[in-house]
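Asker: Take a look at this one; I'll ask things after.
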Amino acid sequence: MLAALLSTALAVSAQTTMTPLIPMDVEVVERVGMFDQPVQIVEGIVRNDGDRAYTRVSIFAEAYNAAEALIGEGFGVLTNACGAGLLDAVIFPGESARFSAPLELFEIDSEIDRVDITVSASISEMAFTPPGDLIPGLRTIFTGEAVMVEFWREEGMLFASGCLRHPFYEWTWYRANPDQTGYAEIEHPRADRIDPEVLQRRLLLRDALAWENAFIRFAPDSLRFVYQDHVNTMYTAAASGTAVRTLHSRLNNRTLQGIYWLPQGRFLAYHYGAFGDQVIYFTADVDGRLISPPPLQNPPSEIVPGVSADGRRVVIAGGFEEGHGYYLYVVTNGFFEKLFEVEPPGNNYPAPLLLTDVEENLVRRVYFARRIGDQARLICFNRDTRELIDMGALPIRLAQDERAWMWVTPEGDQFILAANGQHGGVWAIDRAALPPC
């Protein structure tokens, strides 16, 4: 993985393009290449200000010095937050997308003063009509590749943007109030606790590759974190890298895809390989106390499981004895109940939200995202009446390598939806505005 060394904002002084695709926020980023050589890359955003969709977007960058001499050039394409090229991506009117163009300088010690960007693309006949029945009470908080939402007592609601597989301290973090507009960029409350040299040694991560694979995630409001070693055995540890406690092993051929935080340091960890694979999972807390059986002893799921706040109950999907559908599974006693029959959307869709009755501590409502045609819709299952009630369309559009998640705010009055990918963002859903369920 390339390491960022320098980022310099540049003015785009010329735009030679026959399309309404406008380059914005252009900067030159200096990185270290695979052979430790310096590499300079032009990065930015392309915005579609026209009324047609465009695809096969290509970027041509020309670098000039202060004397207006051409000193380098490069070709690039649209990319996601992890730098992967999006060769067939479609930019609809009003949308934006990242781009990246590696520069080849004619002389290695040349100093760049400005960069000219030429954008070319083909008109796409693909049409996108936004759903006319977007879920009521929906409000956009952020537009971009969102990868995590956390709730802290003192900090409030935080969310992160960036590449999903990167460490949490390399993401760009923001503070937001789900009841208000706007957000502010911040440093993650635990970013200053990360000392790679110290932690790599104390956690017995034997090399840089093991460190990159460690998947360190701090629990909100805690000084303890979850991580995995070079053979994917999972542990929890204190911020200093001490007080290590083993969670589960035998995961060497499994890929940890996410940690879903619950109140009081509890969490659900889930593993799968790629889109369409079965998901294995377990629940525990950051102090190392196990809640569920080991992941291979839980019934596998076709979706990322939804989980109750206490970590004891999950909703999974798959084909079991009573047929294909969604099931409620109590991890502490093995209770297994079919809830309803419906085709699950896949492991990249948001996990269901389980809402419990406070007095009886029973799961009464399950909210889940369902794919109908090319739309994602929010559905509520009323466990008392066994009804499925359509709440309306969700704003997410996911490719197979993109993901979305949902959370309930600590106050219980809002759902928070987040997605990465080209159409990513963060949205708040006012529960009071939803249809009755």
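The values are calculated or read from the model by the stated rules, or taken from the named source; none is laboratory data. Nothing here was measured: the structure is a model prediction, and the numbers come from that model. We place every Cβ from the backbone using ideal geometry, glycine too, and count neighbours over all the protein chains shown. Please note that ligands, DNA and RNA were not included when accessible areas were found on the heavy atoms of the full protein model with its side chains. Shrake-Rupley method; radii C 1.70, N 1.55, O 1.52, S 1.80 Å.
Asker: Which one is nearest to the chain's Cα centre (by Cα), of the residues in segment 385-437 that are open to solvent by 10 Å² or more (accessible area, probe 1.4 Å) and aromatic (Phe, Trp, Tyr)?
Answerer: Residue satisfying both the conditions and the ranking: Trp405.
Asker: Follow-up question, since we're still on this one. Say whether the condition of being closer than 16 Å to His423 by Cα, open to solvent by less than 30 Å² (accessible area, probe 1.4 Å) and either assigned to a loop (DSSP other than H, G, I, E, B) or at pLDDT below 90 (or both) is met by at least one residue in segment 132-153.
Answerer: Within segment 132-153, one or more residues are closer than 16 Å to His423 by Cα, open to solvent by less than 30 Å² (accessible area, probe 1.4 Å) and either assigned to a loop (DSSP other than H, G, I, E, B) or at pLDDT below 90 (or both).
Asker: Which numbered condition in (1) farther than 26 Å from Ala84 by Cβ; (2) of a type outside the set (Phe, Trp, Tyr); (3) open to solvent by less than 20 Å² (accessible area, probe 1.4 Å); (4) out of contact with any strand residue (DSSP E or B) (no Cβ under 6 Å at 6 or more places or on another chain) is the only one that Gly325 fails?
Answerer: Result: Gly325 fails condition (4) only.
Asker: Report, ordered by the first and then the second residue, all pairs with beta carbons closer than 8 Å, sequence separation of six or more or different chains, a first member in segment 367-389 that is in contact (Cβ under 8 Å) with a residue 60 or more places away in the chain and under 14 Å from Asn348 (Cα atoms), and a second member that is among the charged types (D, E, K, R) and open to solvent by 80 Å² or more (accessible area, probe 1.4 Å).
Answerer: The qualifying pairs do not exist here.
Asker: Taking segment 154-203 only, how many residues are of a type in the set (Asp, Glu), in a loop (DSSP other than H, G, I, E, B) and more than 19 Å from the chain's Cα centre (by Cα)?
Answerer: So the count comes out to 4.
Asker: Could you check, for segment 355-365, whether at least one of its residues is touching a Ser or Thr at 6+ places or on another chain (Cβ under 6 Å) and open to solvent by less than 10 Å² (accessible area, probe 1.4 Å)?
Answerer: yes
Asker: When you scan segment 154-167, how many residues do you find that are open to solvent by 10 Å² or more (accessible area, probe 1.4 Å) and either among the β-branched types (Val, Ile, Thr) or closer than 19 Å to Phe215 by Cβ (or both)?
Answerer: 6
Asker: Across segment 227-270, what is the total count of residues that are closer than 30 Å to Leu398 by Cβ and either touching a Ser or Thr at 6+ places or on another chain (Cβ under 6 Å) or of a type in the set (Ser, Thr, Tyr) (or both)?
Answerer: 6
Asker: Output the number of the condition that Leu296 fails; it satisfies all remaining conditions of (1) loosely packed, with under 14 Cβ neighbours inside 10 Å; (2) hydrophobic (A, V, I, L, M, F, W, C); (3) assigned to a loop (DSSP other than H, G, I, E, B).
Answerer: (3)
Asker: Which condition breaks for Ala101 when tested against (1) modelled with pLDDT under 90; (2) within 25 Å of the chain's Cα centre (by Cα); (3) assigned to a strand (DSSP E or B)?
Answerer: Here Ala101 clears every test but (1).
Asker: Another question, if that's okay. Quick one: which of Ile117, Ile112 is over 17 Å from Gly144 (Cα atoms) and in a strand (DSSP E or B)?
Answerer: Answer to the selection: Ile117.
Asker: Here are some residues: Ser222, Ser240. Which one is among the hydroxyl-bearing types (Ser, Thr, Tyr), closer than 19 Å to Trp173 by Cα and open to solvent by 10 Å² or more (accessible area, probe 1.4 Å)?
Answerer: Ser222
Asker: Test Ala376 against the stated conditions and say whether it is touching an Asp or Glu at 6+ places or on another chain (Cβ under 6 Å), assigned to a strand (DSSP E or B) and surrounded by 20 or more Cβ atoms within 10 Å (Cβ to Cβ).
Answerer: no
Asker: Can you pull out every residue in segment 332-359 that is of a type in the set (S, T, N, Q) and more than 17 Å from the chain's Cα centre (by Cα)?
Answerer: Thr332, Asn333, Thr356
Asker: Here's something else I'd like to know. State which residue is farthest from Arg224 (Cα to Cα) when the search covers only segment 273-331 and only residues that are within 21 Å of the chain's Cα centre (by Cα) and of a type in the set (Phe, Trp, Tyr).
Answerer: The selected residue is Phe275.
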